[in-house]
Amino acid sequence: MSGRVFLLGDGISTDAIMPGRYNVTTDPDALRRACLIEARPDFVESVQPGDVIVAGRNFGCGSSREHAPLAIKQNGVAAVIAAGFARIFYRNAVNIGLPVIRCEEARCVLRDGDHVSVDTLRGEITGPAGVLHGEAPSGVALRVIEAGSLLDLIRRGGWAALTEERHVS
Amino acid sequence: MGTLTEEIFSRRLGRTVHAGDTVVAGVDVAMAHDVTGPLAIEAFRQLGSPLWDATRIVFNFDHVMPANTVAAAELHRVIREFCVEYSITNLFAEGICHQVMVDRGMARPGGIVVGADSHSTTYGGLGCFATGLGSTDIGVVFATGKTWFRIPETVRIDVRGALPESVYAKDLALNVIRHLGSDGADYCAVEWTGEAVRAMSVDERLTLCNLSTDFGAKTGLVEPDEVTFRHADGEDVDLHPVRPEYARTLVIDAGALRPQIAVHPAIDNVHDIDEVAGTPLDEVFIGSCTNGRLTDLALAAAILSGRNVHPRTRTIVVPASRGVYLDALAAGYIEIFARAGALVLNPGCGPCLGRQHGVVGPGERVLSTSNRNYPGRMGSPDAQIFLASPAVAAASAVAGAITDPAHLEAVS
């Protein structure tokens, strides 16, 4: 996938992505239209399928509202690349099939509007300054992504499809 | 053996687990509310599976209750119909989901609870492992009774000494966020311990665990003790950390703390009250899953008794639940608030998330006892939100500006 970069800062909360006042629906198109409506008012009208969001630390912090990653996905965003993700947002994004990549330097190297191509499974971001190596989901999250979504994983084999892992330090 | 989290999961699974392990575990209860519930129901329906257990699924109407728009009424309708279809009787409209879960004994010491709300960590104040999940995860629990967990490392917060006068659990939690930053405990469990925590009521412990999610924690926990068991109708659970290994320990000298204020626009932009005292306020909100309990209302009532709120500062008080409301009525607090000129609204989330009453306009300043001050959280993105304890909120409502309760003039 390739597209343009929408560059955002640190601590972009789910309140910024999907403000509470707009988050009174499950309608995907209503959620799409309200995405980043105050934090980045030009986003919805200018975003194209394949574009990516690049952000700083703690992306998606705050409320557990899954409406936030859903709204980003509905806008055709190919991946969210951030220096760090809040736990629930990351898990929600993986569950619904919105690609997420942890990459510390992307926000420093890339500029708003840059054209990049992204390999979401390898976590590779290729832009004007070369290739950045981020961290794509692994472990259970990777299993969910391979299945397509959490619902797909459960439909195909239930929890038995998920082998538990013992951490080896 | 291990941390409280490792102990709870090892018992649940019947084998020893350690931080870093990935497990699939059954939960005691799955909770959703009026905003996250409909998406969870959609996810559940897409699975096409039978329901796991109608008695262990809980819905709460709190974020927009009573409905203020047709869209909100529609969310409620979807949930009501689902509950009728599947004979779910745990459908409550009597306050904030987290307080209702505690009031109704749905979260127990040593238990595991998941909720489609980030502040589900609150129940850790009772020694219950509780964490927030998204709607799809909760929809899957509706079908299977299980979810997957990565057993988290634990950050221990050892609070030594006693909190001074005018300093409360809220100030302690904000001070910890000041030290660790808004993602300081990301993916970790937090164990609150030490003399000052042991001395706290359940209400205050719930406040600590509630705010744990606001510095990234997956769960916040207080080791259950006599205080917990009295609250949990005498139920005694033998749960302690056993030779635990902590990822990090933060030691706080409770006696040195001043009232803390999280200043717009971030929860980790925390200052001693002295640095922002005098800032004029358009609104004060006393309530929320962080600070809407009886202990909180008692603090506010003690300050507002015999006083009036400042004419420029609309003051809104929202008891966290019907149980809290009834107790506050019996204690005379509600009359004190009404006589002081505060608006007392129905139990629920109130103005915290800017979706129903008490919405703030551009350029306004609001001091809230809730948990989030992101731009746009309570209304206009150009409003400024300050977070503080109920005592600071009440004193500030009287003065019309951010005020240390210790500096409020005596009632003449």
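The values are calculated or read from the model by the stated rules, or taken from the named source; none is laboratory data. Note that the structure is predicted; figures quoted are calculated from it, not measured. Cβ sites come from the backbone with ideal geometry, for glycine too, and all protein chains shown count toward neighbours.
Among the residues of region B:310-320, write down those that are touching a residue at least 60 places away in the same chain (Cβ under 8 Å) and surrounded by 22 or more Cβ atoms within 10 Å (Cβ to Cβ).
Passing the criteria: B:313, B:315, B:319, B:320.
Any residue at all in region B:370-382 that is surrounded by 24 or more Cβ atoms within 10 Å (Cβ to Cβ), away from chain A (no Cβ under 14 Å), in contact (Cβ under 8 Å) with a residue 40 or more places away in the chain and touching a helix residue (DSSP H, G or I) at 6+ places or on another chain (Cβ under 8 Å)?
no
Looking only at residues in region B:21-45 that are assigned to a loop (DSSP other than H, G, I, E, B) and of a type in the set (Asp, Glu), which one is nearest to the other protein chains (Cβ to nearest Cβ)?
Here the residue is B:21.
Hey, among the residues in region A:85-110 that are within 14 Å of chain B (Cβ to nearest Cβ) and assigned to a loop (DSSP other than H, G, I, E, B), which one's farthest from residue A:58 (Cα to Cα)? If you could, list the steps in order and put the result at the bottom.
Applying the first criterion (within 14 Å of chain B (Cβ to nearest Cβ)) to region A:85-110 yields A:85-98, A:100, A:102, A:104.
Among the residues that remain, those that are also assigned to a loop (DSSP other than H, G, I, E, B) are: A:86, A:97-98, A:104.
Values: A:86: 5, A:97: 19, A:98: 17, A:104: 11 Å.
Only one residue tops the list, namely A:97.
Pull up region A:1-41, narrow it to residues that are out of contact with any Ser or Thr (no Cβ under 6 Å at 6 or more places or on another chain) and β-branched (Val, Ile, Thr), then point me to the one that is nearest to residue A:76 (Cα to Cα).
Once the filter is applied, the top-ranked residue is A:5.
Inside region B:1-35, can you point out the residues that are under 12 Å from residue B:147 (Cβ atoms), of a type in the set (Gly, Ala, Ser) and surrounded by fewer than 24 Cβ atoms within 10 Å (Cβ to Cβ)?
B:25, B:26
Take the residues of region B:131-164 that are among the hydrophobic types (A, V, I, L, M, F, W, C), over 25 Å from residue A:61 (Cα atoms) and away from chain A (no Cβ under 14 Å): which is surrounded by the most Cβ atoms within 10 Å (Cβ to Cβ)?
Ranking the qualifying residues of region B:131-164, first place goes to B:159.
Considering every residue within region A:121-134, establish whether at least one is surrounded by fewer than 21 Cβ atoms within 10 Å (Cβ to Cβ), at positive phi and at pLDDT 95 or above.
yes
Okay, residues lined up against (1) of a type in the set (A, V, I, L, M); (2) assigned by TED's automatic domain parsing to the domain that holds residue B:270; (3) in contact with a strand residue (DSSP E or B) (Cβ under 6 Å, 6 or more places away or on another chain):
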residue: B:152; (1), (2), (3): no, no, yes
residue: B:156; (1), (2), (3): no, no, yes
residue: B:162; (1), (2), (3): yes, no, no
residue: B:168; (1), (2), (3): no, no, no
residue: B:172; (1), (2), (3): yes, no, no
residue: B:189; (1), (2), (3): yes, no, yes
residue: B:193; (1), (2), (3): no, no, yes
residue: B:202; (1), (2), (3): yes, no, no
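Would you point out which residue out of A:68, A:39 is assigned to a helix (DSSP H, G or I) and of a type in the set (Gly, Ala, Ser)?
Only one candidate qualifies: A:68.
I need every pair where a residue in region B:66-82 that is closer than 18 Å to residue B:94 by Cβ has its Cβ under 8 Å from the Cβ of a residue that is among the acidic types (Asp, Glu), sequence separation at least 6 or different chains.
Once the first residue is closer than 18 Å to residue B:94 by Cβ and sits in region B:66-82, its partners that are among the acidic types (Asp, Glu) give B:72/B:34; B:75/B:34; B:76/B:34; B:79/B:34.
What number of residues within region B:151-180 satisfy the criterion of being acidic (Asp, Glu) and part of a loop (DSSP other than H, G, I, E, B)?
2
What are the residues in region B:124-138 that are assigned to a helix (DSSP H, G or I), within 16 Å of residue B:7 (Cβ to Cβ) and not small (Gly, Ala, Ser), if any?
Once the filter is applied, which keeps residues that are assigned to a helix (DSSP H, G or I), within 16 Å of residue B:7 (Cβ to Cβ) and not small (Gly, Ala, Ser), region B:124-138 yields only B:126.
Please go through region B:1-20 and give me each residue that is in contact (Cβ under 8 Å) with a residue 60 or more places away in the chain and facing another protein chain (nearest Cβ under 10 Å), ordered by number.
So the first thing to find is which residues in region B:1-20 are in contact (Cβ under 8 Å) with a residue 60 or more places away in the chain, and the list is B:1-9, B:11-12, B:17-20.
Those that are in contact (Cβ under 8 Å) with a residue 60 or more places away in the chain and facing another protein chain (nearest Cβ under 10 Å): B:17, B:18, B:19, B:20.
Can you find, within region B:46-59, the residue that is surrounded by the most Cβ atoms within 10 Å (Cβ to Cβ) among those that are out of contact with any Gly (no Cβ under 8 Å at 6 or more places or on another chain) and not in a loop (DSSP other than H, G, I, E, B)?
Checked region B:46-59; the qualifying residue surrounded by the most Cβ atoms within 10 Å (Cβ to Cβ) is B:57.
Would you pick out the residues in region B:62-87 that are of a type in the set (A, V, I, L, M) and within 13 Å of another protein chain (Cβ to nearest Cβ)?
Selection gives B:64, B:65, B:67, B:70, B:71, B:72, B:73, B:75, B:78, B:79.
Just the residues that are β-branched (Val, Ile, Thr) and assigned to a strand (DSSP E or B), please, taken from region B:328-379.
The answer is B:344, B:360, B:366.
Looking at A:113, A:76, which one is part of a loop (DSSP other than H, G, I, E, B), more than 8 Å from every other protein chain (Cβ to nearest Cβ), of a type in the set (Gly, Ala, Ser) and touching a residue at least 60 places away in the same chain (Cβ under 8 Å)?
A:113
Mind checking which residues of region B:351-378 are among the aliphatic types (A, V, I, L, M) and closer than 18 Å to residue B:396 by Cβ? Please lay out each step first, then the result.
Step one: of region B:351-378, the residues among the aliphatic types (A, V, I, L, M) are B:353, B:359-360, B:366-367, B:378.
Once the filter is applied, which keeps residues that are among the aliphatic types (A, V, I, L, M) and closer than 18 Å to residue B:396 by Cβ, region B:351-378 yields B:360, B:366, B:367, B:378.
How about region B:220-238: which of its residues are in contact with a Pro (Cβ under 8 Å, 6 or more places away or on another chain) and under 15 Å from residue B:102 (Cβ atoms)?
B:224, B:228, B:229, B:232, B:235
Within region B:380-412, can you find the residues that are of a type in the set (A, V, I, L, M) and assigned to a loop (DSSP other than H, G, I, E, B)?
Those that are of a type in the set (A, V, I, L, M) and assigned to a loop (DSSP other than H, G, I, E, B): B:383, B:388, B:402, B:408, B:410, B:411.
Which residue pairs have Cβ atoms under 8 Å apart, sit 6 or more places apart or on different chains, and have a first residue in region B:177-189 that is within 10 Å of chain A (Cβ to nearest Cβ) and a second that is of a type in the set (D, E, K, R) and not in a loop (DSSP other than H, G, I, E, B)?
B:182/B:214; B:186/A:87; B:187/A:87; B:187/B:150
Residue check, residue B:285 against (1) part of a loop (DSSP other than H, G, I, E, B); (2) aromatic (Phe, Trp, Tyr); (3) within 20 Å of residue B:332 (Cα to Cα), all met but one. Which one?
Among (1) part of a loop (DSSP other than H, G, I, E, B); (2) aromatic (Phe, Trp, Tyr); (3) within 20 Å of residue B:332 (Cα to Cα), residue B:285 violates only (1).
For region B:195-266, list the strands (runs of 3 or more DSSP E) that sit wholly inside it and hold at least 2 residues that are in contact (Cβ under 8 Å) with a residue 24 or more places away in the chain and farther than 24 Å from residue B:291 by Cβ; which are they?
Answer list for region B:195-266: B:248-253.
Step by step: first the residues of region A:26-73, then only those that are more than 9 Å from chain B (Cβ to nearest Cβ) and on the phi > 0 side of the Ramachandran plot, then the one that is surrounded by the most Cβ atoms within 10 Å (Cβ to Cβ). Which residue is that?
My answer is A:60.
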